Amino acid sequence: MDFPVWIHLGPIKLHPHFVFETLSYFVGFRLYLRFRRPGLMPASVAWSVITGAILGAALGSKILAWFYDPSILLAHVSHPLSSAAFWLEGKTIVGGLLGGLIGVEAAKKHANYHSSTGDDIVLPLIFGMAIGRIGCFLTGLRDNTYGNATMLPWGIDFGDGINRHPTQAYEFVFLVLLGWFLFILRKVPHQEGDLFKLFMIAYFVFRFVIDFIKPYPRDYFGLGSIQIACLFGLLYYFKFVPQLVRLVKKSNERGFTNAK
């Protein structure tokens, strides 16, 4: 297989990252329309929350990408006018999640709305992310989401002659399994917002662990910038862990067949 794997539609050749990122937004939006519960919050608050989520996610994904490699960041800070591509390119899912969280909480505070939100978007978000990771995999080295060299039989040569961990595929499988689990768990009695909190905790733990097998700079106390961001996210959600553990135990007591 040669990377990137271009998508051919007749005479048109499309980059896989563009195709699957666009598809992730489309599928995510369709799933949101499927799972959303009308009347959950006032329309004015809903629009404020959506705006806060979009702006926060866009800014957060960029900021964390800038801190990916401190040496590169410092070089571009010294020459900001000649570094437009650096400031415009690059984004991270973890940064988007944290930025979106901050944007939503700020919007809710501004609207004086204190109820939890997020459960309606958790499944659309998960499966949208999973679809996007297919595009990351098909893009190869240029996407910068591959893993370290490996001797495992499923290692993939993304174009540099080295068999690497297909960490994009690992994340795809993780997200599909997590989405399946939360799809079932939504039928178990729980507090509003619990599913979203469980997703965030699970994803931050996964990314913290999986990034140890990625060739990232580790200039922050031996950790990468994304791992540090994951720790901040986990610290924020730490207080909710006991109630989420009780929810998972409750689902086990009921059994998945009863939760369908």
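Structure notes:
- Remark: pairs (first residue in region 112-129, farther than 17 Å from Gly39 by Cβ and in contact (Cβ under 8 Å) with a residue 40 or more places away in the chain; second residue open to solvent by less than 20 Å² (accessible area, probe 1.4 Å) and in a loop (DSSP other than H, G, I, E, B); Cβ separation under 6 Å; 6+ apart in sequence or on different chains) are absent.
- When restricted to residues that are part of a loop (DSSP other than H, G, I, E, B) and either surrounded by 15 or more Cβ atoms within 10 Å (Cβ to Cβ) or free of Cβ contacts under 8 Å to residues at least 60 places away in the same chain (or both), region 130-158 contains 11.
- Given (1) assigned to a helix (DSSP H, G or I); (2) open to solvent by 60 Å² or more (accessible area, probe 1.4 Å); (3) under 18 Å from Cys136 (Cβ atoms), number of the condition Leu175 does not satisfy: (2)
Each row is one residue, and each column tells you yes or no for (1) within 25 Å of Leu198 (Cβ to Cβ); (2) of a type outside the set (A, V, I, L, M, F, W, C); (3) modelled with pLDDT under 95.
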position	(1), (2), (3)
Ser48	yes, yes, yes
Gly56	yes, yes, yes
Ser82	no, yes, yes
Ala107	yes, no, yes
Asn112	no, yes, yes
Leu138	no, no, no
Asn144	no, yes, yes
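- Residue in region 168-177 that is out of contact with any Cys (no Cβ under 8 Å at 6 or more places or on another chain) and among the polar types (S, T, N, Q) present: no
- Candidate set from region 58-80 (those that are outside any helix (DSSP H, G or I) and touching a Ser or Thr at 6+ places or on another chain (Cβ under 6 Å)); member that is modelled with the highest pLDDT: Phe67
The values are calculated or read from the model by the stated rules, or taken from the named source; none is laboratory data. In this text, all values refer to a predicted model and were calculated from it rather than measured experimentally. Backbone-built Cβ (ideal geometry, glycine too); neighbour counts: all protein chains shown. Areas reflect the complete protein model, heavy atoms only, side chains present, ligands, DNA and RNA absent. Shrake-Rupley method; radii C 1.70, N 1.55, O 1.52, S 1.80 Å.
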